[in-house]
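The values are calculated or read from the model by the stated rules, or taken from the named source; none is laboratory data. Computed from a predicted structure; not experimentally measured. A quick note on method: Cβ atoms are made from the backbone with ideal geometry, for glycine too, and the neighbour counts reach across all protein chains shown. Heavy atoms of the whole protein, side chains included, go into the accessibility calculation; ligands, DNA and RNA do not. Shrake-Rupley method; radii C 1.70, N 1.55, O 1.52, S 1.80 Å.
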Amino acid sequence: MIWLFFLNIFLAVIYVALTGYVNEWNFLLGFILGFLIIALYSRALLGRSYAGKFLRLFSFAGFFIRILIRANLQVAWEVLTPRHKMTPRIVRYPVPDLTDVQITTLANAISLTPGTLTCDVDNDQRVLYIHAMYARDRDAVIRSLDELKHRLMTEVFT
């Protein structure tokens with residue numbers, strides 16, 4: 001599906017070249033027109049919906065931005081207040097059903113979030129070792145990791 005996105009950008013560039021007006025609004029209009037054209041034909045020719053994939057990616061981006069904002073505020077509060085409420089822990093998180101690309105993407109998403117860091121990846125046992133800054137309840141950390149993995153798998157890798 002990535003090639004459809006590049007095709008969409010190519011159609012937007014063609015639109016800008018044909019109209020002769022080079023600005024961001026004209027490119028955006030060309031991108032929207034290209035998006036509509038590809039969305040109409042992708043379902044008929046490929047059997048998959050380009051628009052649906054695009055919307056799922058935006059849904060994951062919104063979910064991930066919410067996680068980032070919440071984690072940044074939590075870490076900032078920890079820095080600004082005199083008492084520490086951290087309960088750090090390294091959590092063993094099994095990911096046996098993921099491919100190498102999916103494991104790498106999940107590990108990077110975890111490491112991008114403040115307060116968590118993927119320390120190690122055991123490729124033999126398909127396990128991630130994750131350092132969590134706020135891990136008083138191990139099950140809550142696992143639930144949040146499961147939600148991130150589920151959203152990543154359903155909205156990005158489907």
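Below are the figures for this structure:
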read-out: Calculated FRET value between residue 137 and residue 61, using beta carbons and R₀ = 41 Å, to 0.05; value: 0.90
read-out: Peptides ranked, highest mean first, by Cβ atoms within 10 Å: ranges 83-89, 147-153, 39-45; value: 147-153, 39-45, 83-89
read-out: Residue-normalised accessible area of the chain, given per residue in Å² at a 1.4 Å probe; value: 65
read-out: Note, ³J(HN,Hα) from phi for region 26-32, Karplus 6.51, -1.76, 1.60, rounded to Hz, x at Gly and Pro; value: 5, 5, 4, 4, x, 5, 5
read-out: Folded to 0 to 90 degrees: helix 2-19 orientation relative to the chain principal axis, Cα; value: 40
read-out: Separation in nanometres of the label points that stand 7 Å from Cα toward Cβ, at residue 84 and residue 122; value: 2.7
read-out: Accessible surface of region 59-158, 1.4 Å probe, proportion on carbon and sulfur as whole %; value: 59
read-out: Helix 100-112 vs. the chain, principal-axis angle (Cα, 0 to 90°, nearest 10); value: 70
read-out: DSSP bridge pairs, region 70-158: antiparallel proportion in percent, nearest 5; value: 90
read-out: Burial ranking of peptide ranges 113-126, 14-27 (average Cβ count within 10 Å, highest at the top); value: 113-126, 14-27
read-out: CD proxy at 222 nm, helix term only [per DSSP H run n ≥ 4: -39500 (n - 2.57); per residue of the chain; nearest 500]; value: -22500 deg cm²/dmol
